[in-house]
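**Student:** Attaching a single structure in structure tokens format; questions to follow.
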Amino acid sequence: HAHSFVASFKSLDEIKSNSIQGREGVDFVAKVLQWRKTFGRTNTNEGELTAFISFAQAFPNRFLALIDTYDTLNSGVWNFLCVAAALQEMGFKPIGVRLDSGDLAYLSCECRRIFREVEQKHGFLSFGKLTIVASNSLSEDIICDLNRQGHEIDCFGIGTNLVTCKSQPALGCVYKLVELNSIPRIKISNEVSKVNIPGSKQVYRLYNKDTEPVVDILMGTDEKVPEVGERILCRHPYNAQKRVYCVPKKVEPLLKCVFDGGDIKISFKSVQEVRERVALQLSSMRSDHLRQINPTPYKVSLSSKMYTFMHKLWQDGVPIREIC
């Protein structure tokens, strides 16, 4: 609000009209100043208050104010409340505040405390639930730290660290041939992680009795579909000693044909439906898979038949050297 010299305000004298959009003829500014007096906060920054009033006059139904320009707790939050109270009195609903600097956890808790006190003392219903938005170069690590500290933030504004993931700024992606003319193909490399799994496959997600996914298993498309209650051997793709049995309580196929001969074979979901599916998938995972530090790796395995076939093709593709 006062970050820019060109667009900043210095005093209430700069307000050109005392009315507000949709309530012409009512002295909105007078109501704001009356609440300022009622709250006993006549020493807040006047330029900031003028900016808030001007913003509310133009957008009375979208009043969300940045309150850390001067002093969050001694000026910003009270200037917001003066305008918010006047808006509420005139039938509008203020949205909340944004914090963009300082100790976000502490400031959000203090703002919430002040909102609740104003609600109780002056009878403004829902003021205790006003939205608190936090920004300021937020990242996954910072948000996890805020969650550990405890806060009253309702919404995180993430910009730079959403556009560019600093922990992995580039995503490596390689297409590898797995089948040609119905013949499985394998790429062999000295690096085990680069050896691909040959053939056309389907992936099944196996769930335990608590409806938690425990392992994804890759099987050839010609293999029998795993069944609920059936004991299945799941093998690590590259480590012969790593293998487990699983008796699933639920089996979910994951792969669907999207393109075939250039034609799209599925109907695309809406953004809201995609969001809901992601949230549902995450909520079904065990917490140790999702923790920020040292998460438990999720198991991705091969069926016994796929494991045997892959390693035979791998072995057949590597020539035997003569050493003497």
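**Student:** Hey, with R₀ at 45 Å, roughly what FRET efficiency would PHE259 and ASP141 work out to, going by the Cβ-Cβ distance, to 0.05?
**Tutor:** Numbers: r = 38 Å, r/R0 = 0.84.
Plugging the Cβ-Cβ distance into 1/(1 + (r/R0)^6) gives 0.75.
**Student:** A further question follows. Under a point spin-label approximation (7 Å from Cα along Cα-to-Cβ), what is the ASN74-LYS166 distance to one decimal in nm?
**Tutor:** Distance between the two pseudo-spin positions: 3.1 nm.
**Student:** Enumerate the aspartates and glutamates that LYS187 could reach by cross-link, defined here as Cα to Cα under 17 Å, with residues fewer than 8 away along the same chain left out.
**Tutor:** Partners found: GLU179, ASP316.
**Student:** For segment 246-324, run through the chymotrypsin sites (Phe, Trp or Tyr not before Pro) and keep only the ones in DSSP coil with at most 11 other Cβ atoms within 10 Å of their Cβ.
**Tutor:** Answer by residue number: PHE268.
**Student:** Would you work out the relative contact order for segment 174-285, in percent, from Cα pairs under 8 angstrom that are 6 or more residues apart?
**Tutor:** After rounding, I find 20 percent.
**Student:** Leaving ligands, DNA and RNA out of it, report the carbon-plus-sulfur percent of the accessible area of the chain at a 1.4 Å probe. Numbers along the way, then the final one.
**Tutor:** Details: 10830 of 20430 Å².
Here carbon and sulfur together make up 53 percent of the probe-accessible area.
**Student:** If you don't mind, there's one more thing I want to ask. Using the beta-carbon distance between LYS10 and ARG116 and R0 = 22 Å, what value does 1/(1 + (r/R0)^6) give for FRET efficiency, to the nearest 0.05?
**Tutor:** In this case the efficiency is close to 0.10.
**Student:** How large is the dipole of segment 1-143 about the Cα centre if only Lys and Arg carry +1 and Asp and Glu carry -1, each at its Cβ, rounded to the nearest 20 debye?
**Tutor:** Dipole of segment 1-143, to the nearest 20 debye: 520 debye.
**Student:** For the ranges 54-66, 205-217, what's the packing order if you count other beta-carbon atoms within 10 Å of each residue, average per peptide, and put the highest first? Write out the running numbers ahead of the final one.
**Tutor:** Working: 54-66: 18.1, 205-217: 16.0.
Most protected by this proxy first, the peptides run 54-66, 205-217.
**Student:** Which FRET efficiency value, to the nearest 0.05, is calculated for LYS176 and SER287 with the Förster distance at 45 angstrom and r the Cβ-Cβ distance?
**Tutor:** Given R0 = 45 Å and the Cβ-Cβ separation, E is 0.85.
**Student:** Now for a separate question. Find out how many positive minus negative residues lie around LEU73, taking Lys and Arg as positive, Asp and Glu as negative, among other residues whose Cβ is under 15 Å from that of LEU73.
**Tutor:** Neighbour charge sum, excluding LEU73 itself: -3.
**Student:** Now, a different point. List, in order, the whole-Hz ³J(HN,Hα) value for each residue of segment 190-207 obtained from phi through the Karplus relation with A = 6.51, B = -1.76, C = 1.60 and θ = phi - 60°; use x for Gly and Pro.
**Tutor:** 5, 8, 4, 5, 9, 7, 7, 9, x, x, 6, 10, 10, 10, 10, 9, 9, 10
**Student:** Hey, what do the phi angles of segment 146-153 turn into as Karplus ³J(HN,Hα) couplings, whole Hz, using 6.51/-1.76/1.60 and θ = phi - 60°, x for Gly and Pro?
**Tutor:** Each residue of segment 146-153 in turn: 4, 5, 5, 6, x, 7, 10, 7 Hz.
**Student:** To continue, here is another question. When only Cα pairs under 8 Å and 6 or more residues apart are kept, what is the percent relative contact order across segment 22-99?
**Tutor:** Values: 92 pairs, mean separation 29.2, N = 78.
Computed over segment 22-99, the figure is 37 percent.
**Student:** Dipole of segment 182-296, Cα-centred, from +1 at each Lys and Arg C-beta and -1 at each Asp and Glu C-beta, to the nearest 20 debye?
**Tutor:** 260
**Student:** How big is the convex hull of the Cα atoms of segment 1-113, per residue, in Å³?
**Tutor:** Numbers: hull volume 11.1 nm³, N = 113.
For segment 1-113, the hull spanned by Cα atoms encloses 98 Å³ per residue.
**Student:** Using a simple charge model, +1 on the beta-carbon of Lys and Arg, -1 on the beta-carbon of Asp and Glu, nothing else, what dipole does the chain show about its Cα centre, in debye to the nearest 20?
**Tutor:** Here the size comes out at about 1080 debye.
**Student:** Kindly identify the chain as rounded, prolate or oblate by the Cα gyration tensor criterion: order the square roots of the eigenvalues as a ≥ b ≥ c, call it rounded if a/c is under 1.5, otherwise compare a/b with b/c, prolate if a/b is larger, else oblate. Please report the intermediate quantities before stating the final value.
**Tutor:** Numbers: a/c = 3.09, a/b = 2.95, b/c = 1.05.
Verdict is prolate for the chain.
**Student:** Determine the gain in length on full extension of the stretch THR211-VAL318; use 0.36 nm per residue of separation and subtract their C-alpha separation, reporting nm with one decimal.
**Tutor:** Length difference between fully extended and current span is 34.3 nm.
**Student:** While we're looking at this one, here's another question. Students often forget the sequence filter, so: which aspartates and glutamates lie under 17 Å Cα-Cα from LYS121 once same-chain residues fewer than 8 apart are removed?
**Tutor:** By straight Cα distance, LYS121 reaches GLU89, GLU110.
**Student:** Please compare each pair in LYS209/LYS312; LYS269/LYS299; LYS250/LYS305 to a cut-off of 32 Å on the Cα-Cα distance and tell me which ones are over it.
**Tutor:** Values: LYS209/LYS312 35 Å; LYS269/LYS299 28 Å; LYS250/LYS305 21 Å.
Pairs exceeding the cut-off: LYS209/LYS312.
**Student:** Do you know the relative contact order of the chain, to the nearest whole percent, from alpha carbon pairs under 8 angstrom that are 6+ apart?
**Tutor:** Details: 460 pairs, mean separation 32.7, N = 324.
Relative contact order comes out at 10 percent.
**Student:** Considering the options VAL26, VAL83, VAL97, tell which one lies farthest towards the positive end of the dipole of the chain, charges being +1 on Lys and Arg and -1 on Asp and Glu at the Cβ, about the Cα centre.
**Tutor:** My answer, from the dipole projection, is VAL97.
**Student:** Shifting gears a bit: Per DSSP H run of n ≥ 4, the term is -39500 (n - 2.57); total these for the chain, divide by its residue number, and report the mean residue ellipticity at 222 nm rounded to 500 deg cm²/dmol.
**Tutor:** Values: 9 runs with 103 residues, N = 324.
The helix-only estimate for the chain comes to -9500 deg cm²/dmol at 222 nm.
The values are calculated or read from the model by the stated rules, or taken from the named source; none is laboratory data. Only a predicted model underlies this, so the values are computations on that prediction, with no experimental measurement involved. Note that each Cβ is placed from the backbone with ideal geometry, even for glycine, and that neighbours are counted across all protein chains shown. Please note that ligands, DNA and RNA were not included when accessible areas were found on the heavy atoms of the full protein model with its side chains. Shrake-Rupley method; radii C 1.70, N 1.55, O 1.52, S 1.80 Å.
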